[in-house]
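What follows is one structure encoded as structure tokens, with my remarks underneath.
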Amino acid sequence: MTTIPTRAMALSFLGGALGYMALSYLTFKVPATAEEAELCGFVDGDFSASGQFLHAPLDAWWISFTRLQEYWTTISVGLAVAFVVFALIVGRRAGGRTVAGGAIGGGALALSALCVSCLAPALSVVGLGIAGTLLAGVPKWLITVNILLLTGWGVLFLSRRADACPLPARPPQSVTAS
Amino acid sequence: MRHHPFARAAAAILIAAAAPICVTAPAAADDAPVVLRPAKPGMPLAHPIATNDIPPPPLSLIADRPVRPAYVPGLPGLPQNRMVTDDFGRKPPKFDAIFIRKSRVENGVVVIPAGGLVYHEDTWGGEVALRGEQIPMLGRLSTYVDYDMTTVIKKDVTIPAGQSVVVGGQVYQYYATVVHNKTANHTLHVKTIAGTDWEWAFGSPVLSPTQTGWWSGMQFAQLYNQGKAREVTREKMVFDWLSGVRMDRIVLADEKLYAGLAGAGDEWKAGNRTVKVATVDATAGTVSIEVIEDGKPVLTKTLGPVRNELLIEDNDARKALVFEHGDVIGFLSPWPEPFKDGKANLKIYAKAFSLRYGDTYAGDTRFAVYPVGCPTGHNFGFMLTNKEEIRIKPGETVKGPEGYFTIAVERIDGDTVMAWHVADRQGNRSVNLGGPTITNVDLVLGQGRVAGQAILKDVGRQMLERTYTNMQQATGTAASAASPTVRAAAAGSFLSPGLLAALGVFGLGVGAIGYEIGRRRKSL
């Protein structure tokens, strides 16, 4: 039976999740108006009576991150990235087309998670905000659970396919005596 | 089942707190002898026993404290920790205080009941007669010269647990019961009508019929605040008698005519009056003073001898040194020495005036005045309280005594005072003390013995909560902790197309995983 590359997947999960957090922080802009602030989870109380935004940039990003429940998106992106990496590792044995489909599916899952994140305003510039609009009514925890189910199924499916089409063992390398 | 003693005590206080206060004087209790104890055997009682009953200022009970009051530490024209002087280099600090209590909003108007608005000349230490101590009088300084203090005795006084009664110028509160096994002790808190807490000076009397080894039984003495209880339970204290000192009058003066050594024949003019030293007898320790008005002697009094062991609290010993006629007052000063080189050490003042307990304040007849007495015989400032109810409409102001401060109400919404402030005579205003949760104009202003210390035990928690709440509202951060009404949470409308699709994917995912697991089991 095919061994699931758990170490590589765990590292990929971690890389994807941390990468998403880094991207989220780097693209975060301290809101200048109440309207902008509302998009990323801020309320009137985050502004002084004179309209001044009250939080430092790092604090503001973290407040937005937690209030928008971005930790679910972080997990979702991590799962999707881990799945893409898994698909590429087992690709040779599972068949090229299947693997390509799996990898594309994983990427699509990651994108769908991104579409409802705080990056959505930026993504809408390139047309990806439409998916965000569709998923806007879906709780982020449910998206994460769905991604866990789909990637879990994908791992089981690809590993079964890999077992069904075992590759011939590599020819032994020649040993030359000196 | 056993209960924790503190829980039982607290329950008893809570139950009894609802009971009415009862102060009566039935014939049976009149038979109980009143035995006021001097500091030591043979020492006379310092103050005469009061022969009249003068009502205390309204709202003197603990239950009448300000409710969720605004706190203002002071204003430039209402100085705090202002050092004054006396003739001997002492520099006691003085504080202006304002209290508003029992105020309310009624039909869009702020109402302050009679006695609800208080100016208090608050002092950190006791004000001592015959020493030339200066006392702030609504912005000016007058010299404290002499006083009349009496000891008021009330018989058959009942204090329900948690409640308080006024005796003379003192307020007694049944504060706590502490139970130990089947025994208990019961604590009495003693304050003045202004709220000065004598705990810092004397501790709190503790009565106990059951813990005879620990306390002094059923009688207590805090100088001339004394009492003898006949029944003390968790529910009430019943006293055969209670005494409390009352500062009936303090005498102040605005002009110093003379201070120093004076011999026979020396004289000073005060308007149409002449104060003259008739004779000096240093050997006998006496000096004879004459006050002459329009050429005729209207007062002749021999001052002395000095009885240092009883000064300055003992009424007879002190009055033996003082002469007074109209607005002229003076005394034979015992310090540093009453006589030197055959001359008498005299201090003579003109433009003297009295603040009498319960009288209308001469400087502003809208107010009554109450000097505040300490059982030592010292004075602890004075109160000026409004005699009539005050009503303030939005946009109106009311002035304190002699216009020393102003209370201004700017905006009322329904039962809420949205904007009001206090200002000093120079127009320095406090911040807005109103807000969406403010339903009265109750106030504590100052940092003195009462406003900055004693009253905090009663209203400090409410005052802190109110101050913080108003700060939150002023800075617009009121909802930050609890509010996060965020887009992500709010976006989830019930069974939207997206949610239906997600639930479908969820079902497919569960099915697909189930299928994969099933296949694997089969293949094993």
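General observations
- Any chance B:Ile153 is buried (at least 20 other Cβ atoms within 10 Å of the Cβ) and either β-branched (Val, Ile, Thr) or touching an Asp or Glu at 6+ places or on another chain (Cβ under 9 Å) (or both): no
- When B:Leu311 is tested against (1) over 27 Å from B:Leu141 (Cα atoms); (2) surrounded by 14 or more Cβ atoms within 10 Å (Cβ to Cβ), only condition (1) is not met.
- Of all residues in the range B:202-253 being among the hydroxyl-bearing types (Ser, Thr, Tyr) and crowded, with 23+ Cβ neighbours inside 10 Å, the one that is nearest to B:Thr376 (Cα to Cα): B:Tyr224
- Only one of the numbered conditions (1) more than 21 Å from B:Asp197 (Cβ to Cβ); (2) within 20 Å of the chain's Cα centre (by Cα); (3) not in a strand (DSSP E or B) is violated by B:Gly125, and that is (1).
- Here the range A:47-67 is the region considered, the condition is being among the hydroxyl-bearing types (Ser, Thr, Tyr) and surrounded by 12 or more Cβ atoms within 10 Å (Cβ to Cβ), and the residue that is modelled with the lowest pLDDT is A:Ser48.
- Qualifying residue in the range B:64-78 (condition: more than 30 Å from B:Lys347 (Cα to Cα) and free of Cβ contacts under 8 Å to residues at least 60 places away in the same chain): yes
- Yes/no for B:Thr177 being surrounded by fewer than 24 Cβ atoms within 10 Å (Cβ to Cβ) and under 30 Å from B:Thr210 (Cβ atoms): no
- Matching residues, the range B:128-157, being small (Gly, Ala, Ser) and assigned to a strand (DSSP E or B): B:Ser142
- Within the range B:347-398, the set of residues being touching a helix residue (DSSP H, G or I) at 6+ places or on another chain (Cβ under 7 Å) and surrounded by fewer than 21 Cβ atoms within 10 Å (Cβ to Cβ) comprises B:Gly363, B:Asp364.
- Unmet criterion (only one of (1) at pLDDT 95 or above; (2) out of contact with any helix residue (DSSP H, G or I) (no Cβ under 7 Å at 6 or more places or on another chain); (3) not charged (D, E, K, R)) for B:Gly271: (1)
The values are calculated or read from the model by the stated rules, or taken from the named source; none is laboratory data. The shown structure was predicted, so the numbers you read here are calculated from the model rather than taken from an experiment. Every residue, glycine among them, receives a Cβ derived from its backbone with ideal geometry; neighbour counts consider all protein chains shown.
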